[in-house]
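The values are calculated or read from the model by the stated rules, or taken from the named source; none is laboratory data. In this text the structure is predicted, and so the values were computed from the model without any measurement. Every residue, glycine as well, gets a Cβ built from its backbone with ideal geometry; the counts of neighbours run over all protein chains shown.
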Amino acid sequence: MAWGHDHTDKTAENAQQAFLKQLKQTFASLPNEIPIFLFSQRGKEDVFVDASRQVIRAFRGLTDKITLKEFNLDHELAAKWHVDSSPTLLIDPDHYNIRWIGAPMGEEGRSFLEAMLLMGARKSGLSDQSLKVMERLEEARNIKIFVSPTCPYCPQQVVNGLKAAIERPELVSLEIIDIQCRPDLAEQYAAHSVPQAFANDILIGQGAQQEEVFVSSLLKLEAQTIFIPERTEKVVETDVVIIGGGPAGLTAGIYTERSGLRTAVIERDALGGQVALTPIVENYPGFTQVGGKTLVDIMVSHALQYVQIFQGEEVLDIKPGQPMEVLTTRRKFLTKTILLATGATHRQLGVPGEQQFSGRGVSYCATCDGPLFKGRKVIVVGGGNSAVTEALYLKHTGASVSIVHRRDKLRAQDVLANQLEINGIPVVWNTEVKGIDGKQRVQKVKLWNNETGEISEMAVDGVFIAVGYEPAVGLAEKIGVALNEDGYIWHDSLHRTSVPGIYSAGDVEGGYKQIVTATGQGAAAAMTIFEDLINPYWKNEEQFRKTDVQSSPQVQPIGAIR
Ligand code: NAP
């Protein structure tokens, strides 16, 4: 039988219809109306005003609970609510002080949907632990969160701000500022990466924070990095806990749930891992060309049809036993097995100025921060697929971009490398960045030609670092899972690690580090978990001795997790 576009389109259409139906039901169950006020400059119909109308119109097609009223900036209501930027969206201003400056486009559509659902319910949805922190707030807080429509991390931080503003409307106000619409405000706050959150004009968070960390930062008016959770009584019992919501973890979740295993996927940051930050993917079968974030959204909605995902929770500790205890920032899980699909984090250059200017011109995410560099001069450091795709993306957002690479040959695939010439992106060969300098923000880089020994300076506004990834093995190391000599998780051919009952998949295992290999590893690990739960190898001394887990350098004794 031949499968054509029609079949694929139909499947996607059906999934979309089911999603919209569910959304309509959710809106119907909301107890309150959601009045929206759109303010714009008289006679200034720009792309942001138009996009705001389109987004609201799309949501109004789902429910009549949303009402829209439009006013000019010179209307008395603009004065009443202190609106002076076009466009500004106020949602339910009689109850809350929450405003969008710019349009809730792209990724921000997700934040906007969450805003309407929370405000329609008039419930913040904060965790018990966050509620305790918010109860201690006694002074006013004005939150500003800088976002871009292409930033997959931004909605998590916006939702944190929304929840705080909904929980304490008498004290907390929130402005969500699109850097594309108000680059001047981003400049004024020196917000050269997104998301960045300020409270009372003090930086309280760079990047997406976990909810509890965000509310603690808001209370203390200082960026917090860690939140020590109290013991929670809400225990989730599962057969499998999957740590990491990238392609490997999501695929494994689909497979384990379909095998009848109760599964929880836990993800600390944005779902999709590195793929969510990849501008364009051209080598994932079934998609000739697809945005990394779009591919992630498809994977996530597929996974959600089967498996529960706990996003914004960090795993702090794992206690051995049968069941094992997985302690996150929010709750406790009891589980028979664990799959480590923690992926990889971007590698740093390790040069002077890199940390100092992070978020001030140094960036690791072109899709997030690219719009801030339109018309500016930037370099991308690295010579792999990431460096090339990021350089192409930056070029298309209007930056003047060149690549700085330490060798005379790119590591990137030819098909990508060829695009550099086609798009007029120069490569500075045999050159290493030795320092990043500036005042408030990046102004120049120090370069060293490793062939001639020549040292030079280049004036730049931005440095995008794309020099590969380090496996995220902190948790694995903490619980005694053995690593191989390259620092990746040691595993056998069936994805069992050195600790019985703990498995691995995806980039944290090393190897090819492709989306397609990560999904394959996730599926294979899930099938091993299914087989092992029926017939636990660690309970059968003879069988355990035969497995190649035994060849692991630091294998745990049998019974380690009993
Ligand atoms: P990568 O392939 O490991 O390339 C890293 C690049 O950074 C290399 O060119 C390396 O130089 C350079 N580098 C490393 N450390 C450096 C340092 N300290 N100073 C200067 N340069 C340094 O990493 P990646 O490009 O992030 O890709 C990771 C994986 O994801 C790869 O498997 C890649 O194929 C995949 N990926 C695929 C796509 C796609 O298919 N669309 C897109 C992105 C990534 P040398 O070449 O000299 O080692």
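Remarks
- So V380, is it within 26 Å of E187 (Cβ to Cβ) and within 14 Å of the ligand (Cβ to nearest atom): yes
- Subset tally (residues that are in contact with a helix residue (DSSP H, G or I) (Cβ under 7 Å, 6 or more places away or on another chain) and either assigned to a helix (DSSP H, G or I) or among the basic types (K, R) (or both)) for region 246-272: 10
- Only strands (runs of 3 or more DSSP E) whose full extent lies in region 133-219 are considered here, and none of them has at least 3 residues that are aromatic (F, W, Y).
- Within the span defined as region 236-244, one or more residues are of a type in the set (D, E, K, R) and farther than 30 Å from S173 by Cα.
- For region 398-411, filtering for residues that are near the ligand (Cβ under 10 Å from one of its atoms) and among the aliphatic types (A, V, I, L, M) leaves 3.
- The set of residues in region 435-473 that are under 26 Å from P371 (Cβ atoms), within 16 Å of the ligand (Cβ to nearest atom) and in contact with a Phe, Trp or Tyr (Cβ under 9 Å, 6 or more places away or on another chain) comprises I436, V463, F464, I465, A466.
- Residue check for G253: within 16 Å of the ligand (Cβ to nearest atom), closer than 18 Å to Q521 by Cα, in the same structural domain as T519 (by TED's automatic domain parsing) and surrounded by 24 or more Cβ atoms within 10 Å (Cβ to Cβ): no
- In region 274-288, the residues that are within 10 Å of the ligand (Cβ to nearest atom) and more than 15 Å from T519 (Cβ to Cβ): L277, P279, I280, E282
- Residue match in region 299-310 (condition: farther than 19 Å from I243 by Cβ, within 16 Å of the ligand (Cβ to nearest atom) and either touching a helix residue (DSSP H, G or I) at 6+ places or on another chain (Cβ under 9 Å) or at pLDDT below 90 (or both)): no
- Condition broken by L339, with the remaining ones in (1) touching a Cys at 6+ places or on another chain (Cβ under 6 Å); (2) in a strand (DSSP E or B) satisfied: (1)
- Single residue of G487, G506 found to be under 17 Å from G245 (Cα atoms) and within 16 Å of the ligand (Cβ to nearest atom): G506
- When region 48-63 is limited to residues that are touching a residue at least 40 places away in the same chain (Cβ under 8 Å) and among the hydrophobic types (A, V, I, L, M, F, W, C), the one that is surrounded by the fewest Cβ atoms within 10 Å (Cβ to Cβ) turns out to be L62.
- Among residues of region 436-462 that are closer than 18 Å to G350 by Cβ, those with a Cβ under 8 angstrom from a residue that is assigned to a strand (DSSP E or B) and among the small types (G, A, S), sequence gap 6+ or separate chain, pair up as V442/G462; V445/G435; K446/G435; K446/S456; L447/S456.
- Any hit, region 261-282, residues being free of Cβ contacts under 8 Å to residues at least 60 places away in the same chain and in contact with a Ser or Thr (Cβ under 7 Å, 6 or more places away or on another chain): yes
- Applying the criterion of at least 3 residues that are within 27 Å of the chain's Cα centre (by Cα) to the strands (runs of 3 or more DSSP E) found wholly in region 388-454 leaves 400-404.
- Which numbered condition D414 misses (of (1) in contact (Cβ under 8 Å) with a residue 40 or more places away in the chain; (2) out of contact with any Leu (no Cβ under 8 Å at 6 or more places or on another chain); (3) away from the ligand (no atom under 11 Å from the Cβ)): (1)
Residues checked against (1) within 11 Å of the ligand (Cβ to nearest atom); (2) surrounded by 19 or more Cβ atoms within 10 Å (Cβ to Cβ); (3) under 30 Å from V236 (Cβ atoms); (4) modelled with pLDDT under 95:
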| position | (1), (2), (3), (4) |
| --- | --- |
| T335 | no, yes, yes, no |
| P352 | no, no, no, no |
| R360 | no, yes, no, yes |
| T367 | no, yes, no, yes |
| P371 | no, yes, no, yes |
| N385 | yes, yes, no, yes |
| I422 | no, no, no, no |
| I425 | no, no, no, no |
| V433 | yes, yes, no, no |
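- Exclusive hit being among the aliphatic types (A, V, I, L, M) and surrounded by 24 or more Cβ atoms within 10 Å (Cβ to Cβ), set A186, A140, A197, A190: A197
- Elements of the type helices (runs of 4 or more DSSP H) sitting completely within region 466-562 and holding at least 2 residues that are at pLDDT 95 or above, surrounded by 15 or more Cβ atoms within 10 Å (Cβ to Cβ) and among the β-branched types (V, I, T): these cover 515-534.
- Whichever residue in region 337-350 is crowded, with 24+ Cβ neighbours inside 10 Å and among the β-branched types (V, I, T) and, among such residues, is farthest from the ligand (Cβ to nearest atom): T337
- Counted as qualifying within region 1-81 are the helices (runs of 4 or more DSSP H) with 3 or more residues that are among the polar types (S, T, N, Q) and either modelled with pLDDT of 75 or more or in contact with a Pro (Cβ under 9 Å, 6 or more places away or on another chain) (or both), namely 5-28.
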